Structure formats: structure tokens, C-alpha cells
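Report on one structure; see the data block that follows.
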Amino acid sequence: MTDLIRDKLELPAGHNKLLLHSCCAPCSGEVMEAIQASGIEYAIFFYNPNIHPQKEYLLRKEENIRFAEQHNIPFIDADYDTDNWFERARGMEKEPERGIRCTMCFDMRFERTALYAFEHGYTAISSSLGISRWKDMQQINGCGYRAAEPYPGMVYWDYNWRKKGGAARMVEISKRENFYQQEYCGCVYSLRDTNLHRKSQGRPLIKLGVKYYGDEEE
């Protein structure tokens, strides 16, 4: 493991209770350990109705549950309301990654996170989504700010989890824990486009549930 010395993190504006939206165990591993190392009270909120198919959804969720239990962190398992997601994605089926469909998807997940936070006494929200280099951090943060804005006193914590070795640590933790390594963002359109790209390069199509961090080193 990289000898990473973490700064002591503090929630903005004196807030002391965080609801962390998690998209998967690999992205949230470093985020969770960094938050816990700073003594911040938090819980995981797993709301990702975009993930398709259900087999992939369960793989990602169950790994996240295992890691949360390992660290004694409360895990809130939200609805897998795929019909709602597909309804909101209507007309955006051909949009590219990082486009308006992704903004819709982040908005939907953050809105539910903020609502749960407001109803259950959390004063700050954040997400593990931004640690991935495949994501547009400005796009994610914009969705986070919008989600928190309707609730008096709530803040969106826009900490950059990639900096000071965070992105490298994410991969190291994933290898240490032998996390499942998903090969596409999550939605059916991401799976479609990734497979089309692979096919154009003569590469094999994605197989669910077979690739894990660290296996290539054995």
C-alpha cells in the first residue's frame, strides 16, 4: 500500500453528520476510510436505479454492504426503482457519456439522497462518484449543489477525493479487498456503448461478475 498520510477532514460550515451517496465499493472504499479516519459521523446511502441489469446491481450493492459492515458503518439500502429511472431517461437513449442523460441520472440519485438526509437528521451530503477519473467532477458537483439547495441548512460537500493520492489509494484498496471491477458506468446505455466500442476494436464483450481487482496480479 502507498504510504498515504491523510489530512484531517472537516465537514463544511461546522456540520457534523454526513450522508454519503455510494455508487459502488471500489469508488467508495477510499472515501469511506478517509472520512472514518477523520472521525466524521456518517452513513452510506445506496440509491442507484440506473445500474443494469439486476445481476450487476446486486453485485455492486452486496460488495458495498460487505465493506460497510467491515467498518461498522450504517448502510441504507434505497429503492431499485428502475421504472422511474427509465422514464426520466426517455428521449436521452442516444446521448453520450457525460452528457445530459448523466446529469439527469446524478440529479435523480442526489435528489433522493438529499430528501433522505433531510428526513433523517443529516445536515450534509456527498458522494463517492467524484473519485472516478471517468466522471466530470464539475457535472457531479453541480448536481449535488442543486439537490441540497431546497433544504434549509443542508450543504453539499464537494471535497475532491482524487487529490493527495486519493485516486491511487482507491485502486489499492480495491485490490486489497479484491473488489468486483465493473467495466462500464452502470446503465443499459453505457453497457451498450461500451460493447459497441469493444466490438469495433475486435475485443470480447463485457461479461458480468468475472473481473476482480487484483486477480491479474496472481
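Laboratory data are not the source of any read-out in this text; all were calculated from the coordinates shown. Because the structure is predicted, anything quoted here is derived from the model rather than measured.
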Under the Karplus relation with 6.51, -1.76 and 1.60 and θ = phi - 60°, whole-Hz ³J(HN,Hα) for segment 85-98, x at Gly and Pro, equal 5, 5, 5, 6, 8, 4, x, 10, 4, 9, 5, x, 4, 6
Around Tyr212, which amide H atoms from residues at least 5 apart in sequence, or from another chain, sit under 5 Å from its own amide H, with H modelled in the peptide plane?
-> Gln181
Sum of -39500 (n - 2.57) over DSSP H runs of 4+, divided by residues of the chain (222 nm, nearest 500) = -14000 deg cm²/dmol
Residue-wise HN-Hα coupling along segment 75-80, computed from phi with Karplus coefficients 6.51, -1.76, 1.60 (Hz; x: Gly, Pro) = 10, 9, 9, 8, 5, 9
Could you check how many percent of all C-alpha pairs in segment 4-47 are farther apart than 13 Å?
-> 55
At 10 °C and 1.306 mPa s, what whole-number value in µm²/s does Stokes-Einstein give for the translational diffusion of the chain, with Rh from the Kirkwood sum over Cα pairs?
-> 89
Could you give me the ³J(HN,Hα) list for segment 142-152, computed from phi with Karplus coefficients 6.51, -1.76, 1.60 and θ = phi - 60°, whole Hz, x at Gly and Pro?
-> x, 5, x, 4, 4, 5, 7, 4, x, 9, x
